[in-house]
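One structure is given here, and the rest of the page talks about it.
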Amino acid sequence: MWQSLFGRSAEQDNTVFEKLEGCSLPKHTAIIMDGNGRWAKLRGLARTAGHTAGVNTLRNIIKAAVDLKLEALTVYAFSTENWKRPAPEVDFLMTLFYDYLKKEIAEMKRDNVKLRFLGRIDELPIKLSQLAYEAVDELKDNKGLALSVAMNYGGQDELLRAVRKIVAINKDKDREITLQDVENNLDTAGLPQVDLIIRTSGDLRLSNFLIWQTAYAEFWATEKNWPDFTPEDFIQALYDFSHRERRFGGVEAVKC
Ligand code: FPP
């Protein structure tokens, strides 16, 4: 199972992954890929160099998620608040996302990755939003890893949009709005709740990411900046997750 992972020998892979044997893996892992700017600053480079390096990390982590046969992975690429960054950095990021997507669609198709975007995709630069819709369509029949990329995404904004949709759908109906109504109208509709949320580069906050879906998520953080985050770190997070006791508000441990 691990033989294709990271282009290493089966023996090396087995050593790294044998600790995951028998572990319960999260159904849905979400990652806040933070610290690109700090990574670049430490090296005397422009912040944009950190974002470029971050793309490689993302590619490696998606590959690991595919090889581990994870069900769902969601990554935070650009928040509704990130527009406050200097225009040249925002422009650079939009081009980086476009180039990444263009390059990766074929590979994702081969890897059976099903793609979706969370957030206000239609408010991104037109070339990028068109490509995003094309990519989703191209990969719609895939049945493997459910990869979600949050771009121009904010958790509060997502909830507000869901509430507006629910109000519109139910305006002439006399019925109670349920938790399921909310679930059904989020950008993540149909995905499992987030079990594990990973944040790199040391800050311990949610930053408006998946605020509904992480209600009972386990938090895992590392001081490493995103470009330094490796598949082994990812495995460590999964391993640690599998040893957490989750009670979901009750007193008994619930088996994941
Ligand atoms: C956070 O680092 C990172 C981002 C806002 C952009 C995330 C983008 C990537 C990881 C590139 C790959 C993504 C895709 C979808 C191709 P920061 O700039 O906030 O770092 P800092 O906190 O050190 O300043």
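For the chain, list the DSSP H helices whose alpha carbon atoms reach 15 Å or more along the long axis and whose average Kyte-Doolittle value is -1.0 or above?
On the way: long enough: 47-67 (31 Å, -0.05); 87-110 (35 Å, -0.23); 126-138 (18 Å, -0.01); 155-170 (22 Å, 0.08); 231-242 (16 Å, -0.17).
Those that pass (Cα extent of 15 Å or more, hydropathy at least -1.0) are 47-67, 87-110, 126-138, 155-170, 231-242.
Rank-order 170-179, 71-80 by packing density, defined as the average count of other C-beta atoms within 10 Å over each peptide's residues, highest first.
Values: 170-179: 8.2, 71-80: 21.4.
Averaged packing, sorted descending, gives the order 71-80, 170-179.
Distance from the alpha carbon centroid of region 23-100 to that of region 175-239 works out to 14 angstrom. Residue by residue, region 192-200 carries 3J(HN,Hα) couplings of x, 4, 6, 8, 9, 10, 10, 10, 9 Hz when phi is fed to the Karplus relation 6.51 cos²θ - 1.76 cosθ + 1.60 (θ = phi - 60°); x denotes Gly or Pro. Here the calculated FRET efficiency for N112 and D240, from their Cβ-Cβ distance with R0 = 22 Å, stands at 0.20, rounded to the nearest 0.05.
In whole percent, and with a 1.4 Å probe on the protein chains, what portion of the accessible area of the chain is carbon and sulfur? Reported share for carbon and sulfur atoms: 52 percent. In the chain, the alpha-carbon atoms span a convex hull of 144 Å³ per residue.
The amide H of M33, built 1.01 Å from its N in the peptide plane, has Y76 as neighbours under 5 Å, considering only residues 5 or more places off or on other chains.
Using the heavy atoms of the protein chains alone and a 1.4 angstrom probe, what is the accessible area of region 51-143 per residue in square angstrom? Write out the running numbers ahead of the final one.
On the way: 4670 Å² over 93 residues.
Accessible surface, normalised per residue, equals 50 Å².
Which value, in Å³ per residue, describes the convex hull spanned by the Cα atoms of region 211-256? The partial results should precede the final answer.
Values: hull volume 4.6 nm³, N = 46.
Spelled out: Cα convex hull of region 211-256, divided by residues, is 99 Å³.
A simple packing score, the average count of other Cβ atoms within 10 Å per residue, orders the peptides 147-157, 99-109 as 147-157, 99-109, with the highest score first. Ellipsoid semi-axes for region 116-188, based on the Cα gyration tensor and the rule √(5λ), read 26, 15, 11 Å when sorted largest first.
Hey, could you get me the Stokes-Einstein D for region 163-256, Kirkwood radius over alpha-carbon pairs, 10 °C and 1.306 mPa s, rounded to whole µm² s⁻¹? Please list the in-between numbers first.
Working: Rh = 15.9 Å.
Diffusion coefficient, whole number: 100 µm²/s.
Gyration tensor over the Cα atoms of region 87-139: the corresponding equivalent ellipsoid has semi-axes (square roots of 5 times the eigenvalues, largest first) of 21, 13, 8 Å. The H on the amide N of K27, modeled in the peptide plane, is under 5 Å from the matching H of D195, each at least 5 residues off or on a different chain.
The values are calculated or read from the model by the stated rules, or taken from the named source; none is laboratory data. A quick note: this is a predicted structure, and the numbers were derived from the prediction, not measured. For neighbour counting, all protein chains shown are included, and Cβ atoms are generated from backbone atoms with ideal geometry for every residue, glycine included. Heavy atoms of the whole protein, side chains included, go into the accessibility calculation; ligands, DNA and RNA do not. Shrake-Rupley method; radii C 1.70, N 1.55, O 1.52, S 1.80 Å.
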